[in-house]
1. May I ask you to list the trypsin sites (Lys or Arg not before Pro) in the stretch 267-340 that are in a DSSP loop and have at most 11 other Cβ atoms within 10 Å of their Cβ?
2. Could you list 175, 14, 159 in order of exposure, starting from the residue whose Cβ has the fewest other Cβ atoms within 10 Å?
3. Check the straight Cα-Cα distances from residue 373 and name the aspartates and glutamates below 17 Å, setting aside those fewer than 8 residues away within the same chain.
4. Please go through the stretch 301-362 and write out the GluC sites (Glu not before Pro) that DSSP classes as loop and that have at most 15 other C-beta atoms within 10 Å.
5. Cα to Cα, under 12 Å, and not fewer than 8 places away if on the same chain: which aspartates and glutamates meet these conditions relative to residue 220?
6. Test of understanding: ordering 196, 122 by Cβ neighbours within 10 Å, fewest first, what list do you get?
7. List the residues, sorted by chain then number, that are 5 or more residues from residue 34 or on another chain and whose placed amide H is less than 5 Å from its amide H.
8. Taking Cα centroids, how far is the stretch 166-202 from the stretch 244-291 in Å?
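Read-outs throughout are calculated quantities, based only on the coordinates presented, and are distinct from any laboratory measurement. Only a predicted model underlies this, so the values are computations on that prediction, with no experimental measurement involved. All Cβ positions, even for glycine, are placed from backbone atoms using ideal geometry, and neighbour counts span all protein chains on display.
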Amino acid sequence: MPGREAARLVVLHKSETLARQLERVAATYLPHVEVVRCADFDAVDLLLAGGRPFDILVSGPAVIGDHGLARLRALRARRPPLQLILAFDEWPRRGLRDTVRTGAIDILRLPVADRSLADAIEQGLAIAVAAPAPPAAVPPTTPDGAVIAVVSATGGCGKTFFATNLAYHLEAQGKRACLLDLDLQFGEASASLHLEPSHTISDLLALGADAEELGRQLEKHLAVHQSGIRVLAAPETPEAAARIDADDVARVIEAARRRFDYVIVDAPAALQESVLVSIELADRIYALATLDLPSVRNLGVMLTTLRRLQVPDERVHLLLNKVERDVGIEVGEVQRYFPQGFAMVIPYGREVNRSLNLGQPVLADAPRCAVSKALAGGLAQLAPGKSPASGAAAELAPRRRFARREKVAA
């Protein structure tokens, strides 16, 4: 391509096969193209974040499956000049709509001939050259916020209780936090705080806005608690919830993390697609269980599943909630099954029910009770700032990248 030197191409694929073919194609047909291989999304994000920009991303089949399409769409939304080529070994089952929404300029069926692959890359480079330069904007003064996913394998473990208190802790330390109620069918974050939201996540997505406009509209759709907690409420009806897919959830999370220091996702007790996307995007995952055999067993199953999904162990922090004495199982017995240990052991306390009935986080309503002291001590390690109840401090540096309905009681 005359006048253009060293165009850059990144291939996202766990296997080296596609990258080697691209290198061969570049050497034969496209000597002006530099090829770099990445095995996962984290590596791509780090690569794209620094140095000279890339022109084309070729994504292979191993990362396109499951929730990869949503990740690709979110990645392109952050870097509009980057052109995307998808390479499948079989046509995607996610449906044409999800595939088209990634903004890919070409879709290839593997195995693909070298000449056809070269033609697709040439087309992508031509589009990249013809595309108008992005407007000169003042770069953000702060990095994207951290995403915290609060999950459990069984209902009634106290995810909403923990998520609201975590949001309160962060707000009390001057951090801007947004609580996303991802229990789309039976969201309880608003109810637990006695909020009556005028807008929900459905209303936000109904705007059909692009990523930038979605972010601008986000704050108008948040319900604000008197303590300062900001909540993006779940849909009002199951029918509205059914219209929200994993791709939509990824868009909202990405928009929120650009405007808040922390995005807290209160997830349902099910590893459905929207939850898996939030787990993929999360910088930290807090997995809750209670002191009973079904909850403990299901926590083990969840951890095994997360490992199969290649979620790094260091992102996952275990919390044991509503701990009581003389219930037929001891904390020490449970800990033997989880060598990574529990980051927090929270006792059962009547103050939690009282705080929920008053629509307040327990840290605000009863800061001196045993539950609040356990929360405060743990949050001093898990989240930044000086805890309201403990006075301890610890800083969590946000990484740029890398349930069923609960009972009323925590």
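1. Working: sites: 284, 297, 307, 308, 315, 322, 325, 336; in loops: 325, 336.
Hits after loop and neighbour filter: 325, 336.
2. Details: 175 18, 14 15, 159 30.
Ranking 175, 14, 159 by Cβ neighbours within 10 Å, fewest first, gives 14, 175, 159.
3. Partners found: 324, 351, 365.
4. Listed in order of number, the matching sites are 324, 330.
5. 203
6. Working: 196 8, 122 15.
Going from least to most buried by this count: 196, 122.
7. Long-range HN contacts for residue 34: 7, 8, 9.
8. Taking the Cα centre of each part, the stretch 166-202 and the stretch 244-291 sit 13 Å apart.
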